[in-house]
1. Using 23 Å as the Cα-Cα cut-off, could you pick out the over-long pairs in Lys6/Lys78; Lys171/Lys205; Lys6/Lys185; Lys38/Lys64?
2. Could you tell me which helices of the chain pass both thresholds, a Cα extent of 30 Å or more along their own axis and a mean Kyte-Doolittle hydropathy of at least -0.5, with helices taken as whole DSSP H runs?
3. Skipping prolines and chain starts, which residues have an amide H placed within reach, meaning under 5 Å, of the one on Met57, given they are 5 or more residues away or on another chain?
4. Taking amide H positions as placed in the peptide plane 1.01 Å from N, state which residues far from Lys152 in sequence (5 or more) or on other chains have amide H under 5 Å from it.
5. Given the whole protein assembly as supplied and a 1.4 Å probe, what does the accessible area of Leu165 come to in Å², nearest 10?
6. Describe numerically, in nm with one decimal, the distance between label points set 7 Å from Cα along Cα→Cβ at Leu165 and at Leu121.
7. For Cα pairs less than 8 Å apart in space and 6+ apart in sequence, what is the mean separation divided by the residue count of the chain, i.e. the relative contact order in percent?
8. Can you pull a Stokes-Einstein diffusion coefficient for the chain at 37 °C (0.692 mPa s), Rh from Kirkwood over Cα pairs, as a whole number of µm²/s?
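The values are calculated or read from the model by the stated rules, or taken from the named source; none is laboratory data. All figures in this text were calculated on a predicted structure; none of them were measured in a lab. Note that each Cβ is placed from the backbone with ideal geometry, even for glycine, and that neighbours are counted across all protein chains shown. Calculation scope for accessible area: heavy atoms of the full protein, side chains included, ligands and nucleic acids excluded. Shrake-Rupley method; radii C 1.70, N 1.55, O 1.52, S 1.80 Å.
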Amino acid sequence: MAGKPKLHYNNGRGRMESIRWLLAAAGVEFEEQFIETKEDLEKLCNDGVLMFQQVPMVEIDGMKMVQTKAILSYIAAKYNLYGKDLKERAWIDMYVEGTTDLMRMMINLPFHPADTKEENLALIIERATNRYFPVYEKALKDHGHDYLVGDKLSWADIHLLEAILMAEECKPDILSAFPLLQAFKGRTSNIPTIKKFLQPGSQRKPRTNEKTVAIVRKIYNF
Ligand code: GSN
């Protein structure tokens, strides 16, 4: 039997966090090799295991996979979280790309100059409230099912829950105008694998703080 997937990234959320979420929700145990310094990243590059000299990199099923989206799609398909046909896949992709756009704004927030943080935070709250969350609220309302696509848990739901919890870190009552998303959050947070991931001591990473920002800047030169 294949060993556990091994994740190569720094010890923070960044682009790897959604991969951690998806594996955890699928009930897959994984190992993590943390990149702590620029030299750790250079070593991986020199060993020739990073196709584009970038992480995330995940060792899985004999491959050394890079490119976050490729890794996520592979895991989603492998663990039956990617719809039953091409059309369901298309819907899942659209929903995931939306949550990815919102999440990217939130992931980048701690890296913005201090004097633009308020402005960027306000934009995130505006976009979550007026552009992204209404789409998911409407999807749940229109078909009346528990999940976004096909009445079955998919990558789209897992990604949305991750985005909701991040958005609540920006504004705790951000779901106040979205009753179906509140119920969705309650339901999906209680799925046993997800519930476990949300408990302290899991491999879920905390909110990015100034210390992590400094480490990340040193490792990746930005
Ligand atoms: O999504 C992806 O996995 C790629 N399209 C981008 C991966 C990427 O930018 N990785 C960064 C670290 S994560 N922060 O953004 C990286 O490895 N940067 C080092 C470099 O030399 O580009």
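1. Working: Lys6/Lys78 16 Å; Lys171/Lys205 19 Å; Lys6/Lys185 29 Å; Lys38/Lys64 20 Å.
The answer is Lys6/Lys185.
2. Values: long enough: 86-108 (32 Å, -0.18).
Once both thresholds are applied, what remains is 86-108.
3. Long-range HN contacts for Met57: His8.
4. Those qualifying (amide H under 5 Å, at least 5 residues apart or on another chain) are Tyr147.
5. About 30 Å², rounded to the nearest 10.
6. 2.1 nm
7. Details: 252 pairs, mean separation 60.0, N = 222.
So the answer I get is 27 percent.
8. Working: Rh = 18.3 Å.
Rounded to a whole number, D works out at 180 µm²/s.
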